[in-house]
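Heads up, the thing below is written out as structure tokens.
The values are calculated or read from the model by the stated rules, or taken from the named source; none is laboratory data. Every value quoted in this text rests on a predicted model; they were computed, and no experiment measured them. Here the Cβ positions follow ideal geometry from the backbone for every residue, glycine too, while neighbour counts run over all protein chains shown.
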Amino acid sequence: MKINANYNNLAESYLFSTIAKKVEEYMVSHPEAQIIRMGIGDVTLPICEKAAEAFSRAAMEQGNAETFHGYGPEQGYDFLRDTIRDYYGGFGVKIKAEDIFISDGAKSDLGNILDLFDEDNTVLIPDPVYPVYLDTNVMAGRNIEYLDAVVSNGFLPLPEKGQKADLIYICSPNNPTGAVYNREQLKEWVDFANEQEAVILFDAAYESFILEPDLPRSIFEIEGAKTCAIEFCSLSKLASFTGTRCGYTVISDELIREGMSIRKMWLRRQTTKFNGVSYPVQRAAEAAFSPEGLEECRNHLDVYQENARVITQTLTELGIWYVGGKNSPYIWMQCPNGMKSWDFFDELLDKAHVVGTPGSGFGKNGEGFFRLSAFGTLENTREAMARMKKMWK
């Protein structure tokens with residue numbers, strides 16, 4: 001018997017597990033420290049009232065024989081697929097309900113979608129990058145090519161002349177950098193993918209943070225995207241579903257490769273390997289997308305965006321270069337005084353008792369940079385920034 005030896009090529013520990021361990025060790029030796037966590041992208045505000053009420057009602061239905069729901073459709077209940085279709089329509093994107101597949105989150109789908117593609121495909125991944133894109137392809141032993149995301153291109157790389165790719169990962173607003181592609185830039189990627197007969201795996205998990213109308217929230221706002229792109233999205237940030245778990249993937253019936261419908265392949269994969277998202281969770285998601293639910297969600301998002309404003313204002317006052325924070329919950333800052341990422345992590349933890357994410361954990365181009373998250377409370381964010389200011393006095 002043989003095991004998957006590609007696991008030997010993975011980093012020994014997932015980035016955020018390493019951070020958690022270092023913080024735990026610090027707290028053991030400094031029990032008095034009041035730690036403020038601005039590292040992992042978990043939310044702090046609860047799911048909206050409308051979603052909580054719907055969740056509760058649906059759970060009670062499960063306790064009554066007349067309203068009980070057993071196995072549901074693997075691709076999601078029609079009531080939620082229709083609701084998400086209408087949500088897209090609200091910002092001008094026309095998709096079919098049949099194109100939408102409900103899941104337990106974008107992270108799962110971004111890994112599972114690789115079942116549809118041969119392991120000999122070349123994968124184009126930006127550096128720095130959300131670790132899941134990289135690790136899932138390392139696990140499969142695929143050939144990985146990197147796109148350099150650096151200061152000179154605003155951490156938004158574009159296709160290079162002579163470049164070849166089969167699968168292309170794009171995240172906008174980006175995790176970890178917070179940078180956002182405009183329409184012209186995404187059009188370059190769509191044209192490139194169609195020319196190459198490649199497939200773009202577009203992570204739109206943070207689309208709800210885009211406030212500027214000229215910035216696209218979906219790859220399907222770009223002409224030609226339906227023949228080359230798959231979109232992944234999540235309610236984790238929009239509706240605080242990080243612990244409730246619900247997301248969705250959008251695949252048009254126009255996406256055909258080697259004579260096969262990618263949408264039909266995904267449906268076949270899901271009906272074989274996935275039992276669907278629970279009925280109460282899908283009812284809660286439906287309520288979150290209602291007009292009242294979205295208004296409540298927006299109130300929460302406004303808090304996070306105010307946090308981002310507080311962070312960026314502080315960095316500006318300190319003269320520290322950064323990107324992100326305006327249409328994104330992440331701020332990608334340059335470490336002061338030429339410090340290495342993990343050195344700055346240690347100093348920030350020790351002197352300010354603030355936890356962030358070292359940029360080098362996202363790739364070689366992340367060295368010398370640091371990610372701060374705006375998902376904390378406004379009180380903690382203000383306190384964290386006050387502590388950072390004291391570090392430079």
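Side notes on the structure shown:
- Enumeration of residues in segment 14-54 that are part of a loop (DSSP other than H, G, I, E, B), hydroxyl-bearing (Ser, Thr, Tyr) and closer than 20 Å to LEU349 by Cα: TYR14
- Hits in segment 287-302 - residues which are of a type outside the set (Asp, Glu), surrounded by fewer than 17 Cβ atoms within 10 Å (Cβ to Cβ) and under 22 Å from the mean Cα position of the chain (by Cα): ARG298, ASN299
- Test: residue in segment 206-219 that is at pLDDT 95 or above, hydroxyl-bearing (Ser, Thr, Tyr) and part of a helix (DSSP H, G or I): yes
- Remark: pairs (first residue in segment 165-194, among the aromatic types (Phe, Trp, Tyr); second residue at pLDDT below 95 and surrounded by fewer than 19 Cβ atoms within 10 Å (Cβ to Cβ); Cβ separation under 8 Å; 6+ apart in sequence or on different chains) = PHE192/GLN163.
- Count of residues meeting criterion [surrounded by fewer than 24 Cβ atoms within 10 Å (Cβ to Cβ) and in a loop (DSSP other than H, G, I, E, B)] in segment 223-236: 3
- Failed condition for LEU315, given (1) without any contact (Cβ under 8 Å) to a residue 60 or more places away in the chain; (2) farther than 30 Å from ALA386 by Cα; (3) buried (at least 17 other Cβ atoms within 10 Å of the Cβ): (2)
- Within segment 237-284, being of a type in the set (S, T, N, Q) and under 18 Å from ILE113 (Cα atoms) holds for THR249, SER252, SER261, GLN270, THR271, THR272, ASN275.
- Qualifying positions in segment 28-76 - in contact with a Leu (Cβ under 7 Å, 6 or more places away or on another chain) and among the polar types (S, T, N, Q): GLN75
- Looking only at segment 298-312, residues that are of a type in the set (Ser, Thr, Tyr) and free of Cβ contacts under 8 Å to residues at least 40 places away in the same chain come to 1 in all.
- Selected residue (only one of ASN121, ASN143, ASN112 is of a type in the set (S, T, N, Q), surrounded by 15 or more Cβ atoms within 10 Å (Cβ to Cβ) and closer than 30 Å to PRO358 by Cα): ASN112
Here is a yes/no grid of residues against (1) assigned to a loop (DSSP other than H, G, I, E, B); (2) over 15 Å from PHE209 (Cβ atoms); (3) in the same structural domain as ARG37 (by TED's automatic domain parsing); (4) in contact with a Gly (Cβ under 6 Å, 6 or more places away or on another chain):
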residue: LEU301; (1), (2), (3), (4): no, no, yes, no
residue: GLU306; (1), (2), (3), (4): no, no, yes, no
residue: GLN313; (1), (2), (3), (4): no, yes, yes, no
residue: THR316; (1), (2), (3), (4): no, yes, yes, no
residue: ASN327; (1), (2), (3), (4): yes, no, yes, no
residue: PHE345; (1), (2), (3), (4): no, yes, yes, no
residue: LEU349; (1), (2), (3), (4): no, yes, yes, no
residue: SER360; (1), (2), (3), (4): no, yes, yes, yes
residue: ARG382; (1), (2), (3), (4): no, yes, yes, no
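- Yes/no for THR244 being among the β-branched types (Val, Ile, Thr), under 30 Å from GLU383 (Cβ atoms) and assigned by TED's automatic domain parsing to the domain that holds GLY376: no
- Criterion applied to PHE375, PHE370 was being within 27 Å of LEU10 (Cβ to Cβ), in a loop (DSSP other than H, G, I, E, B), at pLDDT 95 or above and not polar (S, T, N, Q), and the one residue passing it is PHE375.
- Filter result for the condition that a residue is touching a helix residue (DSSP H, G or I) at 6+ places or on another chain (Cβ under 8 Å) and free of Cβ contacts under 8 Å to residues at least 60 places away in the same chain, over ASN137, ASN121, ASN153, ASN143: ASN137
- Condition broken by SER234, with the remaining ones in (1) touching a residue at least 60 places away in the same chain (Cβ under 8 Å); (2) more than 21 Å from the chain's Cα centre (by Cα) satisfied: (2)
- Test result for ILE200, in a strand (DSSP E or B), over 25 Å from ALA11 (Cβ atoms), at pLDDT 95 or above and touching a helix residue (DSSP H, G or I) at 6+ places or on another chain (Cβ under 8 Å): yes
- The residues on offer are PRO46, PRO73, and the sole one that is touching a residue at least 12 places away in the same chain (Cβ under 8 Å) and either basic (Lys, Arg) or farther than 24 Å from ARG298 by Cβ (or both) is PRO73.
- In segment 158-167, the residues that are under 14 Å from VAL123 (Cα atoms) and either outside any loop (DSSP other than H, G, I, E, B) or of a type in the set (Gly, Ala, Ser) (or both): ALA165, LEU167
This table checks each residue for (1) in contact with a strand residue (DSSP E or B) (Cβ under 9 Å, 6 or more places away or on another chain); (2) more than 12 Å from LYS50 (Cα to Cα).
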{"position": "GLY247", "(1), (2)": "yes, yes"}
{"position": "SER252", "(1), (2)": "yes, yes"}
{"position": "ILE256", "(1), (2)": "no, yes"}
{"position": "LYS273", "(1), (2)": "no, yes"}
{"position": "TYR279", "(1), (2)": "no, yes"}
{"position": "PHE289", "(1), (2)": "no, no"}
{"position": "LEU294", "(1), (2)": "no, no"}
{"position": "ARG298", "(1), (2)": "no, yes"}
{"position": "LEU301", "(1), (2)": "no, yes"}
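- Pick from segment 168-185, criterion part of a strand (DSSP E or B) and either not aromatic (Phe, Trp, Tyr) or not assigned by TED's automatic domain parsing to the domain that holds VAL151 (or both), ranking: farthest from GLY361 (Cα to Cα): ILE168
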